[in-house]
Amino acid sequence: MIATLPGDGIGLEITEQAIKVLKAIGDTFNHEFTFEHAPVGATAIDKTGNPYPVETHDLCIKSDAVLFGAIGDPKYDNDPKAKVRPEQGLLAMRKKLGLYANIRPVKTFPSLIHKSPLRRDLVEGADFIVIRELTGGIYFGEPRGRSENQDTAFDTCVYNKEEIERITRLAFEYAGKRRKKLTAVDKANVLATSRLWRETVQDLAGDYADIELEYMFVDNAAMQIIQWPKNFDVMVTENMFGDILSDEASVISGSLGLLPSASIGLHTSVFEPIHGSYPQAAGKNIANPLATILSAAMLLESLDLLKEAEAVQKAVDASMDQNIVTRDIAEDNASTTSEVGDWIANYIAKQ
Ligand code: IPM
Ligand code: MN
């Protein structure tokens, strides 16, 4: 069973397309996927007052995987005083499911290179993974809040060795299956948590002697991602650095609407596009569903359905080659969100 949490904004339209695609995979490869929906984010606040209701969590725990849409609603963005925020639903889900690792693959698509704001010779062939720590750091550290007179605010960045070790080992393992290069990104010249990261990575490096390891300060990494994206293979970093660097890296592919992600950890894994809820497009049938469909491919991989995952990726490639894509990447004659979903599902059924 797959739990589907569409969330807010375009979440519903894009997850619908991924479900279509998974159903086509089920029919073609003889699997019985069942889907159960549950609210999260602003949608859940409206229904229950809680951005991550207990029922939603229970459903996630008993499912084989979670397909997630997007979260966020402008009515909260412009209200810094709001007591509950949609994003708390996503953070609560990550924490409660123990999703400590967020895997964000970045690559170019040959038919789209001209859409990248970067020069073709710089990005052609770029292919790396950002592994972002997802349940620690400044996103969750205590204390956080305001001084009594409300004039001072503070957040706390905390990491312990164990948290750093488990994500670093995972990153070394990913590098081992790829081009065997790991870049550990931190700000060890300034931050105590970053110095603990670097120390911990150094301690583990001996266990992975076949992996080329480099350390990079985050400001320098932000520059090098744009200047020499092909130099990266696997990058591992803490929660907020990973949030920022992965958005930055997404421009390499030409559209934020193309990047999928997997969050893995102690309980059920969650698959979601890295983009947000794009409220301006909600309900208009124009949002790009490919990041969510590619997240569904990562979901299939996690269930060891490798042929199936490949079939989804091939269908996505074909849709791009044939310009059956939404307006953010279309040459002309843009397709709608649901047309792209239908086309890809149909392509899979015909194989
Ligand atoms: C992401 C998003 C979230 C984050 C927000 C919506 C809380 O930007 O998944 O990257 O900052 O982690
Ligand atoms: Mn983000």
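The values are calculated or read from the model by the stated rules, or taken from the named source; none is laboratory data. All values derive from a computational prediction rather than experimental measurement. Please note: Cβ atoms are built from the backbone with ideal geometry, for glycine as well, and neighbour counts cover all protein chains shown. Keep in mind that these areas ignore ligands, DNA and RNA; they rest on the heavy atoms of the full protein, side chains included. Shrake-Rupley method; radii C 1.70, N 1.55, O 1.52, S 1.80 Å.
A few points about this structure:
- A Cβ distance below 9 Å, combined with a sequence gap of six or more or placement on separate chains, defines the contacts here; from the stretch 60-87, residues that are under 12 Å from Val40 (Cα atoms) reach residues that are at pLDDT below 90 and assigned to a loop (DSSP other than H, G, I, E, B) in the pairs Arg85/Asp79.
- Residue in the stretch 15-23 that is more than 16 Å from ligand 1 (Cβ to nearest atom), of a type in the set (Ser, Thr, Tyr) and assigned by TED's automatic domain parsing to the domain that holds Asp304 present: no
- Ala209 being more than 16 Å from ligand 1 (Cβ to nearest atom) and farther than 18 Å from Gly137 by Cα: yes
- Odd one out for Glu339, checked against (1) open to solvent by 20 Å² or more (accessible area, probe 1.4 Å); (2) touching a helix residue (DSSP H, G or I) at 6+ places or on another chain (Cβ under 7 Å); (3) of a type in the set (D, E, K, R): (2)
- Looking only at residues in the stretch 56-89 that are of a type in the set (Asp, Glu) and loosely packed, with under 13 Cβ neighbours inside 10 Å, the one that is nearest to the chain's Cα centre (by Cα) is Asp58.
- Within the stretch 145-193, considering residues that are under 21 Å from Leu99 (Cβ atoms) and in a loop (DSSP other than H, G, I, E, B), the one least open to solvent (accessible area, probe 1.4 Å): Tyr159
- Scanning the stretch 42-80 for residues that are in a helix (DSSP H, G or I) and under 15 Å from Tyr278 (Cα atoms) returns Ala42, Thr43, Pro74, Lys75, Tyr76, Asp77.
- In the stretch 107-144, the residues that are in contact with a strand residue (DSSP E or B) (Cβ under 8 Å, 6 or more places away or on another chain), part of a loop (DSSP other than H, G, I, E, B), in the same structural domain as Thr237 (by TED's automatic domain parsing) and touching a residue at least 40 places away in the same chain (Cβ under 8 Å): Ala126, Leu134
- Being assigned by TED's automatic domain parsing to the domain that holds Glu339, open to solvent by 10 Å² or more (accessible area, probe 1.4 Å), more than 14 Å from ligand 2 (Cβ to nearest atom) and β-branched (Val, Ile, Thr) holds for only one residue in Ile264, Ile293, Ile286, and it is Ile286.
- When Phe68, Phe172, Phe109 are checked against the criterion of being aromatic (Phe, Trp, Tyr), more than 22 Å from Val236 (Cβ to Cβ) and at pLDDT 95 or above, a single residue qualifies: Phe68.
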